[in-house]
Ligand code: AMP
């Protein structure tokens, strides 16, 4: 089935086509019709499966149709995401697919001044994408009102639990109407996740996307066992031997990220770090530099994430 055949507004179809999406991915094929019918969804799906558009497309359609019929102010849909970066990415998908609809969206996260966020919220938005900490603060202060909420989405719920957001999520539930549509997404399913999921959803449609090949076909895997003392040298060499490639390195701690940065700089390799000790501006600059760096540079930026 092509997107053309879906019972969604033409404006959304136009934006989908502009994104270059022709056919729905597996998760989209399974989730979109149920979400359009107003059902709760419990989906186990990893990043890369197209899960964001799987909820953004039907939510936009539902809200767009309702907005044509009745003009009521207030947040209608709340999407909770574990990190600033993910929240911003989800917001980008909403913005790109909502271009020809009447639906507005806004993203709030910590690490930046609250005041501009409060001003924008006072103007009114239909969809709010938020990290739980900042959301909790703004709800507690009365700047975010969720009493008219119709759709709640939890994205990467397992990651939110890992980051210790469980209490914020539970506290927020007291401000959210119990009669609502809930869409729960997690990459993994454990007893803890199940408990949280079933405390939030009602008679959900369960969807599990387990790709036969969990890694994209164009990614090669290899494991190298290297002595602790030789790791930095090995990495530096690998980067020098592949000057036309970007490198993304994950390390265990913030301190190690900064140490590795210095070590690579000593080998005349340009690198950037991103981690929780950096303020939001610096984090965004790191992401932007990693995205836009010219491939003709001999020294390449590297992001170390923790
Ligand atoms: P996600 O799993 O939401 O992080 O999406 C992974 C990537 O798949 C994103 O870059 C999307 O733009 C892309 N994508 C989502 N839906 C489709 C589709 N139906 N066809 C092609 N690409 C898609």
Query raised in the report: Tilt of helix 84-97 relative to the longest C-alpha principal axis of the chain, in degrees (0 to 90, nearest 10)?
Result: 50 degrees
Query raised in the report: If each Cα of the chain is one equal point scatterer, what is log10 of I(q)/I(0) from the Debye formula at q = 0.15, 0.16 Å⁻¹?
Result: -1.27, -1.37
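Can you show me the helix-derived [θ] at 222 nm for the chain, built from DSSP H runs with n ≥ 4 at -39,500 (n - 2.57) apiece and divided by the number of residues, rounded to the nearest 500.
Mean residue ellipticity at 222 nm (helix-derived): -13000 deg cm²/dmol.
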Requested in this report: In a Gaussian network model over the chain where Cα atoms closer than 10 Å are linked, find which of 243, 24, 132 has the largest mean-square fluctuation.
Outcome: 243
Query - Mean Cα-pair separation over length for the chain, i.e. relative contact order, pairs under 8 Å, 6 or more apart, % - result: 18 percent
Query raised in the report: Considering the chain as a Gaussian network with a 10 Å cut-off on Cα pairs, which listed residue, 168, 229, 126, attains the greatest mean-square fluctuation?
Result: 229
**Report entry** Cα gyration tensor of the stretch 228-304 - equivalent ellipsoid semi-axes, whole Å, descending
**Finding:** 19, 17, 8
Requested in this report: Working from Cα positions, state the angle (0 to 90°, nearest 10) between the long axis of helix 254-266 and the longest principal axis of the chain.
Outcome: 40 degrees
Report summary line: Log10 I(q)/I(0) at q = 0.13, 0.15, 0.27 Å⁻¹ for the stretch 151-226, from Debye over equal alpha-carbon scatterers, is -0.52, -0.64, -1.41
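Rounded to a whole number, what is D in µm²/s for the stretch 66-148 from Stokes-Einstein with the Kirkwood radius over alpha-carbon pairs (20 °C, 1.002 mPa s)? Write out the running numbers ahead of the final one.
On the way: Rh = 13.0 Å.
Value of D from the Cα-based Kirkwood radius: 164 µm²/s.
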Query raised in the report: Helix 231-241 sits at what angle to the longest principal axis of the chain, using alpha carbons and giving 0 to 90 degrees rounded to 10?
Result: 90 degrees
**Report entry** Selected from 43, 263, 157 as most flexible by GNM, with the chain as the system and alpha-carbon contacts under 10 Å
**Finding:** 263
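Bear in mind that the values in this text are calculations on the coordinates, not laboratory data. Note that the structure is predicted; figures quoted are calculated from it, not measured.
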